[in-house]
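In what follows, a structure is listed as structure tokens, so that the remarks can point back to it.
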């Protein structure tokens, strides 16, 4: 018996008394990593489907050495343990398979519930394409955290069945002046309660503001309406398999991780934050950061304190997951340091809050839209062109973090930007919000 010949729902008798039913693939936990001192050992076990499985007891009794195991019934022969693992862990975005597995009654709630959630999310995505996704929130509080950073809290009516916002999320906001901007969520609430759904942001006044942060600082007041067009998270990779979490942030980049750090602290996960600021007066959300004590190291530029990113990466505790968000120079330095330290791309999360989307013009053939050819100018992104031409192209962060705008690359050369794609994905995919084609390319949306 193994994962390739045992099926979900198999009813098996053990000796003359006991009757069992196969209910779930096992999912090894992160403790395996520590036991064998191997990074990501637990995820590798389910990638190869060598996990074992669980039984539910249909009839109790005694089991003795030498008892014979007999297959009594096989109702779902197509769903071997290996095949269920395939769609539970490796191919999670196959809507057809998710729907089929959500209907397998013998599958334990732990796994079946995941498939049901995926089906619900897929249906929600399809619905959002048909309906305008924007929802109106009201500004309920405003506070200057530092001379150049304002915290803004917005609320919308409660939804008792609301599943909550994702952690380490960002939200797309449409401001009263019509501008659309994306900002990191500092905190949120409203999951399955009678209380309003609440989002909090920390927004710095950008010296080169194109109107977003300047408008918020100078014009937005309590009582104003702001539309929210989606709250999503970019954090991926083997986060739960890590033994330690190391955050590197600069300036307003801290807002990308505040909620995640708060959650890690609440569940006693090991973490350390390295935070670079212009001066001690430029630390937003100071009370929260100070509550973490020595786990937060602040580098004050006005006191000539410099963050040594290379040394941080080289001296990180074993089996650490790395998170980076800050100005472009910091991001580029961190990417170079991670490469030099041989940190695998799947063990680091880069959260950009700005991106260069300009470049040479190029042409794009959209093969699944009647082979229509569109032109992308020097100062516009492919995403902007696709949304203008077709209207139903999804997006979220629009700086290359999340991968929401990813499309399939059928042919041609691409200058890849952003951090949402793994190296092996760049041959067949591109991020339309930041990446650019060379000459002419063909894609499928």
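The values are calculated or read from the model by the stated rules, or taken from the named source; none is laboratory data. Keep in mind the model is a prediction, meaning the values are calculated, not measured. Don't worry about glycine lacking a Cβ; one is built from the backbone with ideal geometry, like all the others, and counts go over all protein chains shown.
Summed over region 395-445, residues that are farther than 19 Å from residue 380 by Cα, part of a loop (DSSP other than H, G, I, E, B) and in contact with a strand residue (DSSP E or B) (Cβ under 7 Å, 6 or more places away or on another chain) total 5. Considering (1) modelled with pLDDT under 95; (2) assigned to a helix (DSSP H, G or I); (3) touching a helix residue (DSSP H, G or I) at 6+ places or on another chain (Cβ under 8 Å), the lone condition that residue 313 does not fulfil carries the number (1).
If only residues of region 382-399 that are surrounded by 24 or more Cβ atoms within 10 Å (Cβ to Cβ) and over 17 Å from residue 444 (Cβ atoms) are counted, the one that is nearest to the chain's Cα centre (by Cα) is 397.
Conditions (1) surrounded by 15 or more Cβ atoms within 10 Å (Cβ to Cβ); (2) out of contact with any strand residue (DSSP E or B) (no Cβ under 9 Å at 6 or more places or on another chain), marked per residue:
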position	(1), (2)
73	no, no
76	yes, no
84	yes, no
87	yes, yes
96	no, yes
159	no, no
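Given the structure, is residue 333 within 23 Å of residue 399 (Cβ to Cβ) and over 21 Å from the mean Cα position of the chain (by Cα)? Yes. Candidates 406, 388, 436, 440: the one that is touching a residue at least 60 places away in the same chain (Cβ under 8 Å) and within 29 Å of residue 173 (Cα to Cα) is 436.
Any residue that is more than 22 Å from residue 163 (Cα to Cα) and in contact with a helix residue (DSSP H, G or I) (Cβ under 6 Å, 6 or more places away or on another chain) - is there at least one of those in region 83-91? Show your work before the answer.
Let us first name the residues in region 83-91 that are more than 22 Å from residue 163 (Cα to Cα), namely 83-87, 90-91.
Still in the running and in contact with a helix residue (DSSP H, G or I) (Cβ under 6 Å, 6 or more places away or on another chain): 85, 87.
Scanning region 83-91 turns up at least one residue that is more than 22 Å from residue 163 (Cα to Cα) and in contact with a helix residue (DSSP H, G or I) (Cβ under 6 Å, 6 or more places away or on another chain).
Assess whether residue 222 counts as being at pLDDT 95 or above and assigned to a strand (DSSP E or B). Here the answer is no, as residue 222 does not meet what is asked.
At negative phi and without any contact (Cβ under 8 Å) to a residue 24 or more places away in the chain: is that true of residue 73 in this structure? No; evaluated as a whole, the condition is false for this residue.
Taking strands (runs of 3 or more DSSP E) that fall entirely within region 132-189, which contain at least 1 residues that are over 23 Å from the mean Cα position of the chain (by Cα)?
Per the criteria, 135-146, 149-156.
Would you be able to say whether some residue in region 255-264 is part of a helix (DSSP H, G or I), surrounded by fewer than 21 Cβ atoms within 10 Å (Cβ to Cβ) and without any contact (Cβ under 8 Å) to a residue 12 or more places away in the chain? The answer is no, given that none of the residues of region 255-264 is part of a helix (DSSP H, G or I), surrounded by fewer than 21 Cβ atoms within 10 Å (Cβ to Cβ) and without any contact (Cβ under 8 Å) to a residue 12 or more places away in the chain.
Collect the residues in region 191-212 that are crowded, with 18+ Cβ neighbours inside 10 Å and either out of contact with any helix residue (DSSP H, G or I) (no Cβ under 9 Å at 6 or more places or on another chain) or within 15 Å of residue 138 (Cβ to Cβ) (or both), keeping them in residue-number order.
Across region 191-212, the qualifying residues are 197, 198, 199, 200, 201, 212.
Residues of region 243-252 that are under 17 Å from the mean Cα position of the chain (by Cα) and crowded, with 24+ Cβ neighbours inside 10 Å: 247 alone.
Considering (1) within 25 Å of residue 349 (Cβ to Cβ); (2) more than 19 Å from the chain's Cα centre (by Cα); (3) outside the structural domain of residue 211 (by TED's automatic domain parsing), the lone condition that residue 91 does not fulfil carries the number (2). Is it true that some residue in region 138-150 is more than 22 Å from residue 221 (Cα to Cα) and either touching a helix residue (DSSP H, G or I) at 6+ places or on another chain (Cβ under 9 Å) or surrounded by 15 or more Cβ atoms within 10 Å (Cβ to Cβ) (or both)? No; the residues of region 138-150 include none that is more than 22 Å from residue 221 (Cα to Cα) and either touching a helix residue (DSSP H, G or I) at 6+ places or on another chain (Cβ under 9 Å) or surrounded by 15 or more Cβ atoms within 10 Å (Cβ to Cβ) (or both).
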